[in-house]
Protein chains: 4
Amino acid sequence: MSQEGLLRPGIAQLRVLDMEESVRHYVEYIGLELVGTGDDGRVYLRGYDEFHRHSVVLREADEAGIDFFAFKADNQKSVDRFRKNLEAYGLEVRDIPAGEQPGVGARISFTVPTGHDIQIFAEMELSDSPNAPETKNPYIWNVEPKGMRAQRMDHCLLYGPDINEVEKIFTECLDFQTPERVETPDGTLGIWMTVSNKAHDIAFVNHPEPGKLHHLAFFLENWSDVGHAADIMTRYDISRDVGPTRHGITRGQTIYFFDPSGNRNEVFAGGYTYYKDQPPRVWDHNNVGRGIFYYERQLNEAFLSVVT
Amino acid sequence: MSQEGLLRPGIAQLRVLDMEESVRHYVEYIGLELVGTGDDGRVYLRGYDEFHRHSVVLREADEAGIDFFAFKADNQKSVDRFRKNLEAYGLEVRDIPAGEQPGVGARISFTVPTGHDIQIFAEMELSDSPNAPETKNPYIWNVEPKGMRAQRMDHCLLYGPDINEVEKIFTECLDFQTPERVETPDGTLGIWMTVSNKAHDIAFVNHPEPGKLHHLAFFLENWSDVGHAADIMTRYDISRDVGPTRHGITRGQTIYFFDPSGNRNEVFAGGYTYYKDQPPRVWDHNNVGRGIFYYERQLNEAFLSVVT
Amino acid sequence: MSQEGLLRPGIAQLRVLDMEESVRHYVEYIGLELVGTGDDGRVYLRGYDEFHRHSVVLREADEAGIDFFAFKADNQKSVDRFRKNLEAYGLEVRDIPAGEQPGVGARISFTVPTGHDIQIFAEMELSDSPNAPETKNPYIWNVEPKGMRAQRMDHCLLYGPDINEVEKIFTECLDFQTPERVETPDGTLGIWMTVSNKAHDIAFVNHPEPGKLHHLAFFLENWSDVGHAADIMTRYDISRDVGPTRHGITRGQTIYFFDPSGNRNEVFAGGYTYYKDQPPRVWDHNNVGRGIFYYERQLNEAFLSVVT
Amino acid sequence: MSQEGLLRPGIAQLRVLDMEESVRHYVEYIGLELVGTGDDGRVYLRGYDEFHRHSVVLREADEAGIDFFAFKADNQKSVDRFRKNLEAYGLEVRDIPAGEQPGVGARISFTVPTGHDIQIFAEMELSDSPNAPETKNPYIWNVEPKGMRAQRMDHCLLYGPDINEVEKIFTECLDFQTPERVETPDGTLGIWMTVSNKAHDIAFVNHPEPGKLHHLAFFLENWSDVGHAADIMTRYDISRDVGPTRHGITRGQTIYFFDPSGNRNEVFAGGYTYYKDQPPRVWDHNNVGRGIFYYERQLNEAFLSVVT
């Protein structure tokens, strides 16, 4: 048993305005590997420490944002169980055939009340890149990490309405936990949810407009690499939102910045190890500033308003 | 579902020769909190980032070593399931009543072929220390970590015979995975096993004498704290085995050292995030040196011979 | 010869509004050692890695700010030479007798056009604290650093008018170099000056009001300790100005924050090694934001306006 | 005045057995820039944070070792003064004409009792590489550092007889200080000398055979980069001697390793800031192990015997 059902974030598909400068951003600066370009022009990327074929997909479009966020399940039986749970809950579940993305098996897709397309799949080819993690007498890395040295796509924060309903769906249908939450007199402001020992695999913040992306996050080795990432941002004039700083929520050491299309990215390190016998951590409206930005102890204007 | 069954290492009970100098070692130097002393003289300790009452128990005895290593399960139903699995496998399962350690519920206990007493329990009181992690608008820490700044008891490496049989038991009865292993022409030298997203929760190395402890490990925040821990060791003349170095296996950045009774300790940071869809990593006898000590690229004499 | 004349910043005397909370700030939080209190109530402090008796003096007063900033010279002959230089330049040089501060020899004092009292002295007793650096088989530290782990008082940034004149005095009379400067269409905005291999020992920014303190800085071991200092600031609700961030000028990794009286402090790490055959580094008004705050790439409001 | 006379180590010329694999080692792995190759086949290299044309010269030869170690002086007047001092001391001073190395002015050369050729020069061209430090609104770095990210050639440790005599020459003729020394019942084992605020610019250990190189050292940004350098060494199978560890002497965090010709290299970070009013630090024969290798607390066999 151990970890059953969903394993982790598996694919984030982003909309970008200009593919060439987006690829430069994600590959040269963030340090993802360019896996390949599909027939329809979508570009596939992976972090150097990810075993599977890809984790980030870029699609050129007129408007920035996130097309969908997909979790990888341990097997098809789990996917079938999740479908049953979701349909019993009253959600419509759509099918995406194997091969819609190269190397990826069949996916199920459903729209949650915040307006986001969430997907689940069980099969993806392992990477055959010389840059992929090794399994026979492995080196820490085979090809030296570059740019911000992003190890993996890690999580996203999504903005939309009805997050209490979303939490119910993720908890009851998909077995998520909610290690941290922000509760204000006006209701739940945000929820940080996990299916693993990570402090969060996905998060939602309450927002009137549906389907919005706050940020897509990449994991770095440590606080030194967070500082190095900030050096990279200034050198290449990448638009920075906030950081280096730390989150009180999840404790991650972090920088928020923007890709050339205006999609917010995060690079972060650290964060505690979560177990489901830990009591939930709750933040109130007087302390949410410190919860989000532990050092600044207040939100910046962009946090609640700038999304794609 | 998500993480089902066993959650993590919950209690390690060590035998120490002199309680006073042992407490100084684990509290002043490693930085654990002294929770209290039981009526029978056993001393209870916890890492500053652990929610529960204690995780390390010291028992004064004539010989150093480990009494038992206990895993915390998510609930009693899981414990009952594991008992059934273990008995079906042919192992004798013993009962330890609630309260045998203060604040700890009923445990089951069984001896694996390597000669070690492994235990499982579902209930332990949360810590009521001002030093414990907070849940209302939590600070990163409430009381500044001291000494080596150990966050938690993390795992142990045990030495004994028949580790293939032990792997079978841990896999089939307790839902463990084996992310890494060392295979030599003479058979399996070592296995690193997990029930979580950590690279290892317990490990075994093949050894003729049963019931031996190679090391008990504590988790540090990062490589800087590993360096700081080395500064502490020299300042207080703590016997060091090897490090600061890195493991190829698990990638942890590490120091091995000894408590005053000769029990080996480890402080380490880092290590990859494991998912069960990752292919297993296998080391052969030509590379095991690099697997254990990534920088030295060879075993030291003590690694295979010095145990308690 | 090698380093001749001035060696380094030796004493900064600050005015504080409340001694008790100031001592808590500098001792408990920044981690300086409380050396003692003088008969007149002044409090003497030192960083754990400073050989001499004290480096920071706190004086209770009705208004925050800096009384004087004193450099330590290699010997009395150098002090005499500097006096001659200063008087030849046309400055009045005052005498402060040995013993005006415990353990400190005679000082000379003069007021520069920015309105600051600058002093020079050659003699100070070595620290006899068990906390002081050792000279026989020394440990890295004898007593574990605490709080923000400040190693030493490092430099100050002073605000006042006529900084070009001040640069002339420091260069011609006291042998300073100016590794970095900010030149705007309205004239020189700031100068960063050194008598050593440090990127700066003192800095001045042009400001209409004379005699102002922008910040007094303390040196930390590395970027990890900068992050730890930020953890400390939030835990103890210390007023933070900006950071963790980095300076383009000097490259220091830094946090600005305030003592309870409103005096700005800095903790920083890193910074390049300066040699006088390095060409000067010049920033223009389009880039000064990046020069001061390398990651933010713009000044915050407080940088040019909040001083004591 | 401030730093007068010698500024810093300026050029180290090493003998290597195979130029191609040596260039790979120093450029690809250590991360120096390949400046160019001279008509006589010598290869010129510089660290990314060095302003001047080159600092390391490789010469193909039948035997590894160091040809000479040269210090850069502030001006020709200082060079003339040093020549006078050296000749008055009784040493023969040789002339090396400007242009013997591209971009380098006239040098003086003399042999010290340990058998090493020490040189002094005042003029070297500034680097015109896009990789060189900038002076107009400079970035921290212009081209991202690679490999071990060596910032600069920093110092060397030389082995030979009569080090007390050498100390006298360096002190009396060249204005060096000796921040640290090892004194044994058999005499002075080693001296660490500086002309700057660095803990050492050159060091000597007593050794019967003259003219030997123990190691040439490169400066890294911090302990994280020391760990990264160790990752690089294992990945590319570079022969490692010891580390990551720390020196008690100078406090540097360090790794010793070997170039393909057997010349020992060091990468290190940290080290205290030296001022000449600091009392000297002295180690005795009971503690020299901890002085050299602070964590191991004993010398390894290679330290006193393996030189080139």
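Here are the numbers for the structure shown:
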read-out	value
Gyration tensor verdict on the protein assembly as shown (Cα atoms; rounded if a/c is under 1.5, prolate if a/b is larger than b/c, oblate otherwise)	prolate
Three-way shape call for chain B based on the alpha-carbon gyration tensor, with the a/c threshold at 1.5	rounded
GNM top mover of B:Glu125, B:Glu60, B:Glu50 - chain B, alpha-carbon springs below 10 Å	B:Glu125
Residues with amide H under 5 Å from that of D:Asp241, placed H, sequence gap 5 or more	D:Tyr256, D:Phe257, D:Phe258
Shielding of A:242-251 by partner chains, average beta-carbon count, 10 Å	4
Accessible area expressed per residue, the range B:10-116, with surrounding protein chains retained (probe 1.4 Å, Å²)	39 Å²
For D:His207, solvent-accessible area (1.4 Å; no DNA, RNA or ligand), Å²	20 Å²
Within the accessible area of the range B:37-83 (1.4 Å probe), percent carbon and sulfur	39 percent
Residue and distance (whole Å) for the chain B Cβ nearest the axis that superposes B on C	B:Ser224, 2
Shortest-first distances to equivalent copies, position A:Asp62, nm, label 7 Å out along Cβ	6.9, 7.8, 8.6
Candidate lysines for bridging to A:Lys146, where Cα separation is under 19 Å - those fewer than 8 sequence places away on the same chain excluded	D:Lys146
Fraction of accessible area attributable to carbon and sulfur, the range D:153-305 (%, probe 1.4 Å)	44 percent
Inter-copy label distances at C:Asp241 (7 Å, Cα→Cβ; nm, one decimal)	2.8, 4.5, 4.9
Candidates D:Asn263, D:Asn75, D:Asn164: whichever shows maximal mean-square fluctuation once chain D is modelled as a Gaussian network with Cα springs under 10 Å	D:Asn75
Residues losing 40 Å² or more accessible surface upon assembly, the range C:156-199, compared with the chain by itself, 1.4 Å	C:Asp175, C:Asn197
Structure-based [θ]222 nm, chain C - -39500 (n - 2.57) summed over DSSP H runs of at least 4, per residue, nearest 500	-5000 deg cm²/dmol
Chain-alone versus full-assembly comparison, the range D:50-76, residues with accessible loss of at least 30 Å² (1.4 Å probe)	D:Phe51
7 Å along Cα→Cβ, label-point gaps from D:Val143 to other copies, nm, shortest first	2.1, 5.0, 5.4
For the range C:34-170: relative contact order, % (alpha-carbon pairs under 8 angstrom, 6 or more apart)	27 percent
Farthest positive-ward along chain A dipole, Cα basis, beta-carbon charges - from A:Thr308, A:His52, A:Val226	A:Val226
Nearby lysines by direct alpha-carbon distance to B:Lys72 (threshold 22 angstrom, same-chain neighbours under 8 apart not counted)	A:Lys198, A:Lys276, B:Lys84, B:Lys168, B:Lys198, B:Lys212, B:Lys276
Chain A: relative contact order as a whole-number percent, Cα under 8 Å and 6+ apart	17 percent
Relative contact order [Cα under 8 Å, 6+ residues apart], the range C:167-283, whole percent	28 percent
Separation between Cα centres of the range A:1-29 and the range A:137-162, rounded to whole Å	9 Å
Size of the D/C contact, given as accessible area buried on both chains, probe 1.4 Å, in Å²	4800 Å²
Estimated inter-spin distance, C:Thr188 and D:Gln76, nm [label 7 Å along Cα→Cβ]	3.0 nm
Residue mean of other protein chain beta carbons inside 10 Å, C:292-298	4
Selected from D:Ala88, D:Phe69, D:Val182, residue furthest toward positive end of dipole (the range D:69-213; charges at beta carbon)	D:Phe69
Prolate/oblate/rounded label for the range D:153-305 (Cα gyration tensor, a/c 1.5)	prolate
For A:Leu34, solvent-accessible area (1.4 Å; no DNA, RNA or ligand), Å²	90 Å²
Gaussian network model of chain A, Cα within-10 Å springs - most flexible of A:His247, A:His54, A:His155	A:His247
Spacing of the two label points (7 Å from each Cα toward its C-beta) at A:Thr171 and D:Glu172, in nm	8.3 nm
Size of electric dipole in the protein assembly as shown: Cβ of Lys, Arg +1 and of Asp, Glu -1, about Cα centre, debye, nearest 20	0 debye
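The values are calculated or read from the model by the stated rules, or taken from the named source; none is laboratory data. Quick caveat, the model's predicted, so the values are computed rather than measured. FYI the Cβ positions are ideal-geometry reconstructions off the backbone, even for glycines, and counts take in every protein chain you see. For the accessible areas, the whole protein counts, side chains as well, though only heavy atoms, and no ligand, DNA or RNA atoms are used. Shrake-Rupley method; radii C 1.70, N 1.55, O 1.52, S 1.80 Å.
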